[in-house]
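A.B. asks: I'd like to ask some things about the structure below.
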């Protein structure tokens, strides 16, 4: 039995794409976790180690950010080199390892949401966390722009690098 040329071509193309994708590094050039120090506006930040971050909690002021262009549909890359759109549930933190999965609780209304940290910031004094517009809406502070929140680290890393906290809230 002879296979049609289109089937063979499809198989070869799929094989080539999977070989190519396995050779390409992550978009942001990180492998595992991003924990290197960095400087913004003359201030140097030293992210926590993965072990320090697991189980970490913090309370502070949270804001939402949307650096979108073209009607909110295109945004630049995050610190991890990922595209983020306003409807994603993601956020930015200055010193937690990236990526990380966190639970954010609005202490003013009790609403909680899980978000993925994949960016650095906020670099405004007195704020500990920035979230996307969708996360701010789920947390119930979109119209106010800022809220007092608590964050709890649930896991750090992706795929085979992911390490879970022992908080028990993770599912």
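A.B. asks: Regarding residue 132, is this residue modelled with pLDDT of 95 or more, crowded, with 23+ Cβ neighbours inside 10 Å and under 16 Å from residue 103 (Cβ atoms)? First the steps, then the outcome.
C.D. replies: On the way: modelled with pLDDT of 95 or more: no; crowded, with 23+ Cβ neighbours inside 10 Å: yes; under 16 Å from residue 103 (Cβ atoms): yes.
No: the conditions fail for residue 132.
A.B. asks: Counting just the residues of the stretch 135-149 that are in contact with a strand residue (DSSP E or B) (Cβ under 8 Å, 6 or more places away or on another chain) and not in a strand (DSSP E or B), which one comes out surrounded by the most Cβ atoms within 10 Å (Cβ to Cβ)?
C.D. replies: Only one residue fits best here, namely 136.
The values are calculated or read from the model by the stated rules, or taken from the named source; none is laboratory data. Model, not experiment: these values are computed from the prediction. We place every Cβ from the backbone using ideal geometry, glycine too, and count neighbours over all the protein chains shown.
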